[in-house]
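Colleague: Can you read through this structure? Questions will come right after.
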Amino acid sequence: MSRAARLALVATAAGVAALAIGMIAGGRAFPRIIPGLPDSGAFVRWGLPLSKLAMDAAGVVTVGLLLMAAALLPNDKGVLGKSALDYVKAASWAALVWAGAAFLSIVFGAAESIGRTVPQILERTILTSYATQTTQGVALTLVVLFGVAIALFSRGAITAGAAAGLLVFAMVTLLPAPLTGHTSSSPNHDLATSSVSLHLLSLALWVGGLGVLALHALRKQPQLDVAAARFSQMALWCYVGVGLSGVFALVARLGSISDLWTGEYGLLAVAKIVAFVLLGYVGYWHRQRTLVDLEAGKPRAFTRLAGGETVLMFATMGVAVALSRTPPPEFSLPADRAYELLGFPLPPPITVGNVVSMWWFDLFFAVVAGVLAGLYALGVRRLLRRGDRWSWGRTASWFAGVALLVFATQSGLARYAQVMFDVHMIEHMTLSMVVPIFLVLGGPVTLALRALKPAPRRGDRGPREWITTILHSRFTKVISHPVVATAIFVASTYALYFTPLFESAMNEHLGHIWMTLHFLLSGCLFFWVIIGVDPGPNRLPYVGRLLMLFVTMPFHAFFGIALMMMGSVIASGWYEQLGRTWGDTLIQTQRDGGAIAWGFGEIPTLIVLLAIALQWYKDDDRQARRADRKADRSGAGDPELDSYNAYLARLNRADKGAGKGE
């Protein structure tokens, strides 16, 4: 048996053993059977967590294989090397295992949900109903479909761009199943959903990347030192992401700190925390010792430590699956439908003071704002340390946009936006028409291209090369076309509010995140085309930018008028469930929202006009100075200016001749 096969076998055994210990410690291995109630039996009781462990492990391995091919191994001008191609093909098989394990989870989940054995549910329509009508069943069905799609598309992937796209697809496939478990029933489901998403993505990149890196070392494949160095840089951020998201996930599920040692769920959480700390120590040892040995041509120390860390990670995954099967501590919650829907009590009547003071922590957009501010600050700092200059106006514009983003998503405005349509419209317009203006004027892409260093290996792709590739990609050319960007900016607003999409997005936290993120991204795309200072494939002349602005803005006015004239309430099912008794009626808040949409566009239009005028003036000034420098270098003057000066000279001589004649 090869060393790679032994590592896989030991890691699998560690995961299964940790799952079994966790199931026993959590009381799920041998539950109390009440006579008269249906029981699916021990086969289903153990088959469901084992199939979920296999599903999680296969998903993590798929992510790790695609990460290795797309980012960790060097490529030649975007074309994958031999080792990277082997990993993409292996990802195809791992994705098939992922889909198969998800199907087994559907079978065992359906059996457990109604207390029947597996043969009994296979003879009826129960399996189909569970897979298409229950939340957990639909999530697992998506994993099956997406896993098969990844397996098929991986067969023909030969470029780093294709591998990166499949990596993103695989990371999205990780999310549906875990987000429909304890997360959806947590009292603070907003925090729980965001923290679990961040936790899963960080953990998959970390565990999957290290596992495939250990496999690469055991197979004695080339370029191990490059892949290990790149993974080490990424692993630190993954470790931070896993730690912070794990803390927030526990905060969302535990009623008090004492729950960590007074119940099965808390004890399993403590075991996971201990494993996490051990993994952090091993990672520190990697950076301090084994990477140095690897650069010195001694890979055995790295291989041993990476293999041991992989086994520990898979054991941690077993504990995590057992934790997901253990019910969290019970909360004493008020019988309030609004609290169930919002994750917080219905706020008091709206005032300016409440909007400013009633802050609400949204983990997803807090992370987005933190990343945007942190990366920009690091880029400016690198330029200044290098002795280069960077516009303080752009810096101020960027951080003003980030501050507005924080206020729109974390303050009382975000709370009332879920309760009142007119406040929601203020948040919508701020995120789509004000925040993007300041962000695109900050020039983040230009800053990144100046601050980042080229890849050390010629033909390889580092962060700087990836940015350049994305800027020149066909996808970017299409979506940044003025017609397409305008259509996305305008048509999506009508499609959202005049279809059931808006109510669906309000009912689910993930839907609300996607809706809010769409406001921000569509606005950034639109204003990037009009006033963006970053390079782009489709640059309009200034007259065209003004025309694009004036053609687009009336559509927002028409949208506002349409809202004001509607006789029915949009998303009435959502707002009626909240039971708000103060403030205006639902139809009146909707009309107020329409008035806000109608009149709000004046402010951003004025800002954009000023920005276009200033950019136009600076561009003309640069061209004039460039022409002067060119004339000075060539020693020849401007023909038009010389002709005009000669004309003035002739007039002057004619005037003097006329004076002498007199």
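The values are calculated or read from the model by the stated rules, or taken from the named source; none is laboratory data. Keep in mind the model is a prediction, meaning the values are calculated, not measured. Every residue, glycine among them, receives a Cβ derived from its backbone with ideal geometry; neighbour counts consider all protein chains shown. SASA here: full protein model, heavy atoms, side chains in, ligands and nucleic acids out. Shrake-Rupley method; radii C 1.70, N 1.55, O 1.52, S 1.80 Å.
Colleague: Would you mind checking which residues have amide H under 5 Å from residue 76's amide H? H placed 1.01 Å from N; only 5 or more apart, or other chain.
Modeller: 81
Colleague: On to the next question. How much length is gained on full extension from residue 172 to residue 487, taking 0.36 nm per residue of separation minus their Cα-Cα distance?
Modeller: Working: separation 315, 0.36 × 315 = 113.40 nm, distance 2.60 nm.
Using 0.36 nm per residue and subtracting the Cα-Cα distance, I get 110.8 nm.
Colleague: Here's something else I'd like to know. Give a residue-ordered list of calculated ³J(HN,Hα) values for the stretch 458-467 (Karplus: 6.51 cos²θ - 1.76 cosθ + 1.60, θ = phi - 60°; whole Hz; x for Gly, Pro).
Modeller: After applying 6.51 cos²θ - 1.76 cosθ + 1.60, I find 5, x, 7, 10, x, x, 5, 5, 5, 4 Hz.
Colleague: Right, something else. How far apart, in nm, are the 7 Å Cα→Cβ label points at residue 595 and residue 244?
Modeller: 4.1
Colleague: Quick one: 3J(HN,Hα) in Hz for the stretch 613-620, Karplus 6.51/-1.76/1.60 with θ = phi - 60°, rounded, Gly and Pro as x.
Modeller: After applying 6.51 cos²θ - 1.76 cosθ + 1.60, I find 4, 5, 5, 5, 4, 5, 5, 4 Hz.
Colleague: Kindly state, to the nearest 0.05, the FRET efficiency for residue 588 paired with residue 562, given R0 = 22 Å and r defined as their beta-carbon distance.
Modeller: Working: r = 16 Å, r/R0 = 0.74.
Rounded to the nearest 0.05, the efficiency is 0.85.
Colleague: Carbon and sulfur atoms: what percent of the 1.4 Å accessible area of the stretch 29-163 do they account for?
Modeller: Values: 4220 of 6170 Å².
C and S fraction of accessible area: 68 percent.
Colleague: Taking 7 Å along the Cα-to-C-beta vector as the label spot, tell me the residue 274-residue 135 distance in nanometres, rounded to one decimal.
Modeller: 3.3
Colleague: Same structure, new question: Can you tally the net charge around residue 545? Count Lys and Arg as +1, Asp and Glu as -1, for every other residue whose Cβ sits under 12 Å from the Cβ of residue 545. It would help to have the intermediate numbers written out before the result.
Modeller: Values: positive: 539; negative: 619.
Here the charged neighbours net out to 0.
Colleague: Given R₀ = 22 Å, FRET efficiency for residue 609-residue 478 by Cβ-Cβ distance, to 0.05? Display every interim value, and only then the final one.
Modeller: On the way: r = 28 Å, r/R0 = 1.25.
The value I calculate is 0.20.
Colleague: Calculated FRET efficiency, residue 149 and residue 471, Cβ-Cβ r, R0 30 Å, to nearest 0.05?
Modeller: Values: r = 27 Å, r/R0 = 0.91.
Efficiency, rounded to the nearest 0.05: 0.65.
Colleague: Where in the stretch 349-434 are there trypsin sites (Lys or Arg not before Pro) that are in a DSSP coil and have at most 15 other Cβ atoms within 10 angstrom of their Cβ?
Modeller: Working: sites: 381, 382, 385, 386, 389, 394, 415; in loops: 389.
Those that pass, being in a loop and sparsely packed, are 389.
Colleague: Now for a different question. Amide H neighbours of residue 159 under 5 Å, at least 5 residues apart or on other chains, H built in the peptide plane: list them.
Modeller: Under 5 Å from the amide H of residue 159 lie the amide H atoms of 80, each far enough along the sequence or on another chain.
Colleague: Next question, about the same structure. Pairs to check: 453/477; 77/630; 82/453; 477/618; 77/618. Give those whose C-alpha atoms are more than 32 Å from each other in this structure.
Modeller: Values: 453/477 25 Å; 77/630 36 Å; 82/453 26 Å; 477/618 26 Å; 77/618 36 Å.
Too far apart for the 32 Å limit: 77/630; 77/618.
Colleague: Taking θ = phi - 60°, what integer Hz values does the Karplus form 6.51 cos²θ - 1.76 cosθ + 1.60 yield along the stretch 400-417, in sequence order, with x for Gly and Pro?
Modeller: Using θ = phi - 60°, the values come out as 5, x, 5, 4, 5, 4, 4, 5, 6, 10, 10, 8, x, 4, 5, 5, 5, 5 Hz.
Colleague: If you stretched the chain out fully between residue 623 and residue 236, how much longer would it get, using 0.36 nm times the residue separation minus the C-alpha to C-alpha distance? Don't jump to the answer; show the numbers that get you there.
Modeller: Details: separation 387, 0.36 × 387 = 139.32 nm, distance 4.63 nm.
Stretched fully, the residue 623-residue 236 segment lengthens by 134.7 nm.
Colleague: Sticking with the crude label model, points 7 Å out along Cα→Cβ, report the distance from residue 503 to residue 340 in nm, one decimal please.
Modeller: Label at residue 503, label at residue 340, 1.8 nm between them.
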